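Some notes on the structure that comes next.
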Amino acid sequence: MRRFFIWLVILVWLVPSYGMAKGLTVITENNPPYTFEKDGRVSGITTDILLEVMREAGLQLSCKDIQLWPWARGYETIQNESNVLLYATSWSAERESMFQWVGPIMEARHSVLALKDTDITIEEPKTDLTKYRIGTVRKAVAERSLETQGVKLGRVHRLNDVELGLDMMLEGRLDGVVFNDFAMRSILAEKGVYADKVKTVYIVMKTQHFFALSKDTDPALVKQLQDALDRLKVNGTVDSIIKQYIH
């Protein structure tokens, strides 16, 4: 019997961890169709892809394990705490050394979106954007991009949530909102405001969505997740998930 227990302990030690993704805190934001809450659970394109990546990597993760927070809170957390995974995080040269990265997942375009009948023209953001009431999401990559283009953040309306900004735009309290173009159009469509009612005024930047992990995350885990994502790209799983949301 004693020998049995010794072998049992050895087996437990040898078998890879199937706990909650090896102790990761997983955080996302409300950013349809990439991430959103439906029927009390986190869903969306990048959520579904992440769940498949974890499954492919032999790690356990369920929707109930994912924290749905304002972007700024999640962004601060991943910089100050260990073993955090934040998604979908847009890559930028400035962010490259701040995190470890798994991806790319899919392309993202960030723009200034406005209602079609709004009289707004932006050619040079540093001078033109501050003529209007523009909403940004705090610490989002597009907000930072505008800042590097010379836009003073004190001249824009900094918000915790893109949906709040879009509601303000529909109410006439903002002239435009800066965020992921496709996400904004998706949110507006849910509100009955379709493509023929809005316009892209200015493209702030184009980038790629990734899963970002805390800088001190075990590189072996990062590679495990990257290898799993790569396999899911090759076998068509990633494309199949994206097509479920984008027709």
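The values are calculated or read from the model by the stated rules, or taken from the named source; none is laboratory data. Quantities reported herein were computed from a predicted structural model and do not represent experimental measurements. Positions of Cβ are backbone-derived with ideal geometry, glycine not excepted, and every protein chain shown enters the neighbour counts.
Checking the condition small (Gly, Ala, Ser) and assigned by TED's automatic domain parsing to the domain that holds Val198, which residue from Gly154, Gly74 passes? Matching residue, one of Gly154, Gly74: Gly154. Tell me, yes or no, whether the stretch 106-128 has at least one residue that is under 26 Å from Ser82 (Cα atoms) and outside any loop (DSSP other than H, G, I, E, B). Checked against the condition, which is being under 26 Å from Ser82 (Cα atoms) and outside any loop (DSSP other than H, G, I, E, B), the stretch 106-128 yields at least one hit. The strands (runs of 3 or more DSSP E) found entirely in the stretch 139-247 that carry 1 or more residues being surrounded by 22 or more Cβ atoms within 10 Å (Cβ to Cβ) and touching a His at 6+ places or on another chain (Cβ under 6 Å) are 176-180, 198-213.
I'd like the residue in the stretch 183-203 that is among the aliphatic types (A, V, I, L, M) and under 17 Å from the mean Cα position of the chain (by Cα) and, out of all such residues, is nearest to Val222 (Cα to Cα).
Keep residues of the stretch 183-203 that are among the aliphatic types (A, V, I, L, M), which gives 183-184, 187-189, 193, 195, 198, 201, 203.
Retained after the next criterion (residues that are under 17 Å from the mean Cα position of the chain (by Cα)): 183-184, 187.
Numbers: Ala183: 27, Met184: 30, Ile187: 32 Å.
Among those residues, the one meeting the criterion is Ala183.
Conditions (1) touching a residue at least 12 places away in the same chain (Cβ under 8 Å); (2) of a type in the set (Gly, Ala, Ser), marked per residue:
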{"residue": "Ala88", "(1), (2)": "yes, yes"}
{"residue": "Ala93", "(1), (2)": "no, yes"}
{"residue": "Ile120", "(1), (2)": "yes, no"}
{"residue": "Gly154", "(1), (2)": "no, yes"}
{"residue": "Gly165", "(1), (2)": "yes, yes"}
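Taking the conditions exactly as written (surrounded by fewer than 17 Cβ atoms within 10 Å (Cβ to Cβ) and outside the structural domain of Ser240 (by TED's automatic domain parsing)), does Asp119 satisfy them or not? Yes.
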